[in-house]
Every structure is written in C-alpha cells, then in structure tokens.
Amino acid sequence: MSQPEALIRISEIFGPTIQGEGHLIGQPTVFVRTGGCDFRCDWCDTRYAVEPQFKDQWIAMTTAQVLQRILSLARAPILVTLSGGNPALQPLGDLISRGKQAGYHFSIETQGSVARDWFNLLDTLVLSPKPPSSGMNNDWNKVEQCIEMAGNADIQFKIVVADDEDFEFARELNQRYPKIPLSLQACNPQPESDSSVTQILQQQRWLTEKVCQEGWYQARVLPQLHALLWGNQRGV
Ligand code: SF4
C-alpha cells in the first residue's frame, strides 16, 4: 500500500512582492510561509506562523496545491521564498523539485535547527542562527549539518542584531565562517504592534554606525525593506 502524501502546513502564500531582507533584498518573489516553529524568539515578527493558538488559521496543502497557488500568483518563473515559522519542518523537497522543473527558483529562510537532504535542491539557503537577544540557543552541529546538506546552493547568513551582545555574536559567526556572506539586520523594535518607520530607522542607524566604528568592513547592513514600506503589515 502506498504511503499517503505528506501535507505541507501553510500559514500563508502571497506575492509577488519583493524580498525585504538579506542578500536577495529587492528581488521580486512569492512567499510560501509555513506554519509551526521549534523556536520561540522573544522578538519574533511572525507569531501567527509559530504559536499553536494560530493553528486553526493554517491549512494542510498538498505539494500540487501549493505549486498551483504559486503558479496562479506568478505565471512567469520567479523566486519563491520558503519562510515560516521554520519551513525546514515541512516536506518541501517535492515542491522545490517540481517548481524548478517549471523554471522557478527557490530560497529558504531557516534558523538552522533542522537539516534536510532536500536543501541541496535549493538555489539559496539563508541561515539565521539566533543571537542572544532572541532568548534561544543554537545547536551548532545542526547548523553545520544544514551547511553540508546545501551542496551547491548559495548559502548566506542573516543575523538580527538588537544590541552589542548580538553584534559580537554575528562577528564571531563571521569569523567562524568567513566564506559565507553575512548580512546584519537591525532588530524590528516592536514587531507585535506597529514599529514606526522612525523607530526602525533609528535601529538601522545605530547598527550602521556601529559597523563603521568597529571597522567591520566585510559586513553588509540591511534594513527590513518591507517594514519601511508597509510597517509590520502581513501579506506584503
Ligand atoms: S525562528 Fe523565526 S519564526 Fe521561529 S520563533 Fe524565531 S523568529 Fe519566529
């Protein structure tokens, strides 16, 4: 008897919009946001894709249904960003493989706590180990496994920085993995409510000045572009 198809737990699928974070910033993309996460970061800005009380808003979809939704949103090949929650918890290998056959590109954003053999199908693996201000601990063996599983995919680090301690965390990570491009992202001060553009820019200025003062010239400091454009609104 054949096994039933594993379903993908979806929080939302939306786009095309632009990628607002990391090295792919500004690139048009469709977001597939999965539901469920093994972390609980203090400043998580997508609790609706993390906390069990939002489970009734998540939908279990087949690969074909997710793919169909992507194709209906973007009829020409586009970058598909797999995000969450932690998308590595979901069975996404078949989606990536079938989407790539149709000419679409795939990037995933994950904290690096779960390594999957299908990471090697990705175009880009964005790893966001969590800094001290998140209140989380990273399993560095798992992060290492994620890097190994990525094969020839582009790998990038994206680190949220809220304070000096986070800054040191990012710098040490960069020293440990000097060949993996790393972007720094100022922590969104009030993701639960609506951080004002002024607050977001203040954080961004602080981080920019710190990078320059500390002489970290390999760093790339990027804002959350979507937050500047639309505040902490969902689905953009
Ligand atoms: S890993 Fe990401 S999605 Fe999960 S709790 Fe942390 S910030 Fe939220």
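Here, each number is a calculation from the coordinates, and none is a lab measurement. Source: prediction; values computed, not measured. Counting neighbours? That spans all protein chains shown, and the Cβs are built from the backbone with ideal geometry, glycine included.
Averaging sequence separations of C-alpha pairs under 8 Å and six or more residues apart, then dividing by the length of the range 87-165, give the relative contact order as a whole percent. The partial results should precede the final answer.
Working: 128 pairs, mean separation 24.6, N = 79.
Here the relative contact order equals 31 percent.
Only bridges whose two residues both fall in the chain count here: according to DSSP, what percent of them are antiparallel, nearest 5?
Numbers: 9 of 34 bridges.
In the chain, approximately 25 percent of DSSP beta bridges are antiparallel ones.
Given +1 on the Cβ of Lys and Arg, -1 on the Cβ of Asp and Glu, and no further charges, what dipole in debye does the chain carry about its Cα centre, rounded to the nearest 20?
On the way: 20 positive and 26 negative charges, 143 e Å.
Rounded to the nearest 20 debye, it is 680 debye.
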- Query: Once you measure Cβ to Cβ distances between cysteines in the chain, which Cys have no partner under 4.7 Å?
  - Reply: CYS37, CYS146, CYS187, CYS212
- Note on the structure: For LEU79, LEU92, ascending order of other Cβ atoms within 10 Å (fewest first) is LEU79, LEU92
- Query: Tilt of helix 164-176 relative to the longest C-alpha principal axis of the chain, in degrees (0 to 90, nearest 10)?
  - Reply: 70
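Quick check on the chain: helices-only [θ] at 222 nm, where DSSP H runs of length 4 and up contribute -39,500 (n - 2.57) each and the sum goes over total residues. Nearest 500, please.
Details: 6 runs with 66 residues, N = 236.
Taken over the chain, the calculation gives -8500 deg cm²/dmol.
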- Note on the structure: Filtered hits (lysines, Cα-Cα < 18 Å from LYS158, offset >= 8 within chain) -> LYS130, LYS142, LYS179, LYS210
- Put +1 on the Cβ of every Lys and Arg and -1 on every Asp and Glu Cβ in the range 8-230; which of TRP230, TRP140, SER196 then has its Cα farthest towards the positive end of the dipole? TRP230
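If you stretched the chain out fully between GLU51 and SER2, how much longer would it get, using 0.36 nm times the residue separation minus the C-alpha to C-alpha distance? Before the final figure, lay out each step's value.
On the way: separation 49, 0.36 × 49 = 17.64 nm, distance 3.25 nm.
Extra length from GLU51 to SER2 when fully extended: 14.4 nm.
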- Message: For the pair GLN218/GLN68, report the inter-label distance in nm, with labels modelled 7 Å from Cα in the Cβ direction.
- Response: 4.8
- Item | In Hz, Karplus ³J(HN,Hα) per residue of the range 5-20 (6.51, -1.76, 1.60; θ = phi - 60°; x = Gly, Pro) | 5, 5, 8, 9, 7, 10, 8, 6, 10, 8, x, x, 9, 10, 5, x
- Query: How big is the convex hull of the Cα atoms of the chain, per residue, in Å³?
  - Reply: 126
- Note on the structure: With the dipole of the chain defined by +1 on each Lys or Arg Cβ and -1 on each Asp or Glu Cβ, the option from ASN174, PHE157, ALA88 whose Cα lies farthest towards the positive pole is ALA88
- Proxy reagent accessibility, fewest Cβ within 10 Å first, across ASP163, ASP56: ASP56, ASP163
- Message: As I understand it, the value is the acute angle between the Cα axis of helix 63-73 and the longest principal axis of the Cα atoms of the chain; what does it come to in degrees, rounded to 10?
- Response: 70
- Dividing the mean separation of Cα pairs under 8 Å (6+ apart) by the residue count of the range 8-230 yields a relative contact order in percent of 19
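Which order do CYS41, CYS212 fall in if you start with the one that has the fewest other Cβ atoms within 10 Å? Walk me through the numbers before you get to the answer.
On the way: CYS41 20, CYS212 12.
Placing the least packed residue first, the sequence is CYS212, CYS41.
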- What aspartates and glutamates could a cross-link reach from LYS100, if we take a straight Cα to Cα line under 17 Å and drop same-chain neighbours fewer than 8 places away? ASP117, ASP123, ASP154
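Report the calculated FRET efficiency for TRP43 and LYS179 (r = Cβ-Cβ distance, R0 = 30 Å), to the nearest 0.05.
Values: r = 29 Å, r/R0 = 0.95.
Calculated transfer efficiency: 0.55.
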